[in-house]
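Values quoted throughout were computed directly from the atomic coordinates according to the rules given, and no laboratory measurement underlies them. Just so it is clear, the model here is predicted, and its values are computed rather than measured. As a convention, Cβ positions derive from the backbone with ideal geometry for all residues, glycine included, and neighbour counts pool all protein chains shown.
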Amino acid sequence: MYLIPKVTTTKQPVAALAHNHTCNLLQPYPVKVSHRKFERPRHGSLGFLPRKRAARHRGKAKSFPKDDASKPVHLTAFMGYKAGMTHVVRDLDRPGSKMHKKEIVEAVTIIETPPMVVVGVVGYVETPRGLRSLTTVWAEH
């Protein structure tokens with residue numbers, strides 16, 4: 001009885017010869033195209049990661065300007081949505097600049113604000129750990 005060795009071939013095509021640093025041999029490797037989404041070289045800001053669906057549809061006001069006690073009660077913030085961008089031509093009023101009293105082109109953001117209805121007012125009090133809500137008054141309508 002004779003033993004005949006079975007010859008098998010890989011189904012993946014051999015693309016090139018890669019240098020193996022461990023044994024200094026040239027070894028073939030299969031064709032593989034990788035999807036490098038999170039590897040170097042980076043072509044984008046890490047501030048936009050992780051890429052996932054927004055947790056809430058509406059935005060959230062995270063900071064408010066300092067309140068001036070000498071002015072009457074007023075709105076400190078309201079909702080708006082970025083609708084797009086455009087440009088405007090305006091006269092620059094900056095003494096000492098080369099472009100003083102000349103027309104310049106600047107980019108502007110268009111913010112759409114939906115109609116608002118006031119449903120209540122919240123009063124805050126200053127504490128050592130920041131602002132705390134004191135009372136809430138709801139509207140009659």
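The residues listed here are T113, T109; of these, the one that is closer than 25 Å to E140 by Cα, among the hydroxyl-bearing types (S, T, Y) and in contact (Cβ under 8 Å) with a residue 24 or more places away in the chain is T113.
Yes/no per residue for (1) within 19 Å of K60 (Cα to Cα); (2) part of a strand (DSSP E or B); (3) small (G, A, S):
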| position | (1), (2), (3) |
| --- | --- |
| T76 | yes, no, no |
| T86 | no, yes, no |
| P95 | no, no, no |
| M99 | no, no, no |
| E106 | no, yes, no |
| E126 | no, yes, no |
| R132 | yes, yes, no |
| E140 | no, no, no |
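Among the residues of segment 109-124, those identified as over 30 Å from V89 (Cβ atoms) and not in a strand (DSSP E or B) are P115, M116, V117, V118, V119.
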